[in-house]
Amino acid sequence: MGRKLVGFPLACKQPGLEYSESVMSRKIRLLIVEDEIAIRSGLMDLFVFHGYDVEGTGDGREGLKLALSGSYDLILLDVMLPGMNGFDICAAIREGDREQPIIMLTAKSGDEDIIQGLSLGADDYVAKPFSVAQLVLRVQAVLRRSGVAQEMENELRLSDELVLDCRNLSGSLQQTVLTFTRREMDILQYLHTHSDRPVSRDELLTKVWGYAKNLDLETRTVDIHIAKLRRKIEPDATNPRYLLTVRGAGYRLLAE
């Protein structure tokens, strides 16, 4: 769907892409940190065309400075950058802001880059070369999810040892302090709300990430987030007590 992005001319409407009016209801601020001029310029043209207020830079340190200003609704962040790489930028952002939506742009679809980016707190990743139409859909989905106010329980007590503070994105496991990103807490809350049954990867992508049900999307985002959560909340991540895999069905979050 859509043409592959390697560097492209001024964006035009992509065949088969449904454009979300809700995303365009206000001026959304987007930061693009990408050192390849053709790609950065093409992405800026693409999102300006869609009604976004877009700023871009090709330098890693400048990208971090802009990102830390806290004035962007979403950051598109390349991995390979001069001055400072995207992984270090993502980690620095997450030190001070666990809710900032971030999508990593990876040069390859290998597990190492993808796992590292998501483990550092990115909401999603897109591997180059990528479809322009799918990139727009992913940006819209992340923005839609981050803008939805949810009724949240103040506390999830999964056991006497594991307590989660949903509003403050924190928790404790055997007196060890835990911190979470907004996406991680959304996953835990959704699984807790539906703890009577397994929740599939597709359902999590639809309900937590906000992707359309009919979007043909191949991604390991869910699996990598689940693995990261297990390393946080499980006394032994290799033998989970709380966040279980139900073979062929999905995941369940169990309280003791």
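Any read-out appearing in this document is the output of simple, stated calculations on the displayed coordinates, not a laboratory observation. Small disclaimer: the values here were computed from a predicted structure and weren't measured. We place every Cβ from the backbone using ideal geometry, glycine too, and count neighbours over all the protein chains shown.
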Low-density loop positions, trypsin sites (Lys or Arg not before Pro), segment 62-147 - DSSP coil, at most 14 other Cβ in 10 Å: LYS108
Nonlocal amide H pairs with VAL54, under 5 Å, H built at 1.01 Å: LEU30
Footprinting exposure proxy for ILE187, ILE39, ILE115 (fewest neighbouring C-beta atoms within 10 Å first): ILE115, ILE39, ILE187
Order of TYR72, TYR251 under a 10 Å beta carbon neighbour criterion, fewest first: TYR72, TYR251
From phi via Karplus (6.51, -1.76, 1.60), per-residue ³J(HN,Hα) for segment 127-136 in Hz, x at Gly/Pro: 8, 7, x, 10, 6, 4, 4, 5, 4, 4
HN-Hα J in Hz across segment 62-79 - Karplus 6.51, -1.76, 1.60, θ = phi - 60°, x for Gly and Pro: 5, x, 5, 4, 5, 4, 6, 5, x, 10, 10, 6, 7, 10, 9, 10, 6, 7
Segment 155-253, dipole about Cα centre (Lys/Arg Cβ +1, Asp/Glu Cβ -1), debye to the nearest 20: 120 debye
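Can you pick out the pairs among LYS207/LYS232; LYS65/LYS213; LYS65/LYS207 whose Cα atoms lie more than 29 Å from each other?
LYS65/LYS213; LYS65/LYS207
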Amide H contacts of SER200 (H built 1.01 Å from N, under 5 Å, at least 5 apart or other chain): TYR251
For ASP124, distant residues with modelled amide H under 5 Å away: ILE102, MET104
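List the trypsin sites (Lys or Arg not before Pro) in segment 151-198 that DSSP assigns to loop (not H, G, I, E or B) and whose Cβ has at most 12 other Cβ atoms within 10 Å. Which are they?
The qualifying sites are ARG167.
What shape does segment 155-253 take by its C-alpha gyration tensor, where a ≥ b ≥ c are the square roots of the eigenvalues and a/c under 1.5 counts as rounded, a/b above b/c as prolate, and the rest as oblate? Could the numbers behind the result be given before it?
Numbers: a/c = 1.94, a/b = 1.61, b/c = 1.20.
Prolate.
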Sequence-distant aspartates and glutamates (8 or more away, or on other chains) whose Cα lies within less than 17 Å of LYS228: GLU95, GLU99, ASP111, GLU112, ASP113, ASP123, ASP124, GLU184, ASP186, ASP236
